[in-house]
Amino acid sequence: MILYLDTSSLAKLYVEEAFSQDVRECCAEAHIIATSRVAYPELLSALTRRYNTGDFDKVEFESLVSRFTTEWGRYVSLDIKEIHAGELARKHGIRGFDAIHLASAFQLTTNDQTIEVVFSSFDKKLNEAAKAEGFAVLTVGI
């Protein structure tokens with residue numbers, strides 16, 4: 001099974017939040033963990049925002065950033081397909097980065113429609129769009 005993580009799911013691997021354990025367990029079962037290249041700056045931005053609001057001290061923040069940047073290479077990072085993402089944004093009325101994540105996930109099934117891809121997000125509208133596009137969706141917390 002290939003597990004596709006949007007940024008909200010990827011964050012749960014680095015910051016203890018509700019449903020972090022569920023995402024970690026699903027990752028442990030996956031043969032491949034994939035995400036869009038856009039998740040890299042998105043997650044660093046989210047960690048920085050949380051540091052700036054006092055959720056982490058400096059040491060914890062630097063540790064999280066270091067761990068994430070070191071582990072980034074273990075994920076299959078998929079290119080952005082902007083035309084397809086734009087079409088999905090219009091079709092489903094989802095935000096731009098959400099459409100980028102959904103379009104990126106499609107790249108995992110381009111050569112073989114029988115590949116099992118599980119899509120993981122903690123955004124209800126994005127999950128609905130993923131289901132409508134035929135993806136199995138990790139359904140915890142939504």
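Give me the count of lysine pairs in the chain whose alpha carbons sit under 28 angstrom apart, restricted to pairs 8 or more positions apart or on different chains.
Here the count comes out as 12.
Which one of TRP72, HIS84, GLN21 is farthest out on the positive end of the charge dipole of region 2-137, using unit charges on Cβ (Lys, Arg +1; Asp, Glu -1) and the Cα centre as origin?
Among TRP72, HIS84, GLN21, the one farthest towards the positive end of the dipole of region 2-137 is HIS84.
Give the angle, between 0 and 90 degrees and rounded to the nearest 10, that separates the Cα long axis of helix 20-29 from the longest principal axis of the Cα atoms of the chain.
For 20-29 against the chain, the angle is about 60 degrees.
Between GLU87 and LYS125, how high is the FRET efficiency from 1/(1 + (r/R0)^6) when r is the Cβ-Cβ distance and R₀ = 22 Å? Nearest 0.05.
The value I calculate is 0.85.
Charges at C-beta only: +1 for Lys and Arg, -1 for Asp and Glu. How large is the resulting dipole of the chain about its Cα centre, in Debye rounded to 20?
It works out to roughly 320 debye.
Residues of region 118-142 with backbone nitrogen within less than 17 Å of a virtual label 7 Å along the Cα-to-Cβ line of GLN21, please, listed as ranges.
It comes to 139-142, nothing else.
For region 40-142, what is the relative contact order in percent, using Cα pairs closer than 8 Å and at least 6 residues apart in sequence?
Value for region 40-142: 16 percent.
Treat every Asp and Glu Cβ in region 12-87 as -1 and every Lys and Arg Cβ as +1, leave all other atoms uncharged, and give the resulting dipole magnitude about the Cα centre to the nearest 20 debye.
Its charge dipole is roughly 200 debye.
Would you grab the residues whose amide H sits under 5 Å from the one on PHE119? Only those 5+ places off in sequence or on another chain, please, with H modelled 1.01 Å from N.
TYR4, ALA136, VAL137, LEU138
Any idea what angle helix 82-92 forms with the longest principal axis of the chain, computed on alpha-carbon atoms, 0 to 90 degrees, nearest 10?
80 degrees
Compare ALA11, ALA30, ALA39 in a GNM of the chain, Cα atoms joined below 10 Å, and give the one with the largest fluctuation.
Of ALA11, ALA30, ALA39, the Gaussian network model singles out ALA30 as fluctuating most.
Who wins for biggest fluctuation among ALA89, ALA46, ALA129 in a Gaussian network model of the chain, springs between alpha carbons below 10 Å?
Its mean-square fluctuation being the largest, the pick is ALA46.
Measure nothing but the geometry: give the 0 to 90° angle between the long axis through the Cα atoms of 96-106 and the longest principal axis through the Cα atoms of the chain, rounded to 10°.
60 degrees
Among ILE100, ALA46, VAL140, which residue has its Cα furthest toward the positive end of the charge dipole of the chain, with +1 on Lys/Arg Cβ and -1 on Asp/Glu Cβ?
Of the options given, the answer is ILE100.
Mind checking which of ILE32, ILE80, ILE100 has the largest fluctuation in a GNM of the chain, springs on alpha carbons under 10 Å?
ILE32
Taking H as built 1.01 Å from N, whose amide H comes closer than 5 Å to the amide H of SER36, not counting residues under 5 places away?
Amide H neighbours of SER36: LEU78.
Give me a comma-separated list of calculated 3J(HN,Hα) values for region 54-67, in order, Karplus coefficients 6.51, -1.76, 1.60 applied at θ = phi - 60°, integers in Hz, x for any Gly or Pro.
Per residue, the Karplus-derived 3J(HN,Hα) values read x, 5, 10, 7, 4, 5, 5, 4, 4, 5, 5, 4, 4, 4 Hz.
Read-outs throughout are calculated quantities, based only on the coordinates presented, and are distinct from any laboratory measurement. Keep in mind that what you see is a predicted model, and the values were worked out from it rather than measured. Using ideal geometry, Cβ is built from the backbone for each residue, glycine included, and neighbour counts are taken over all protein chains shown.
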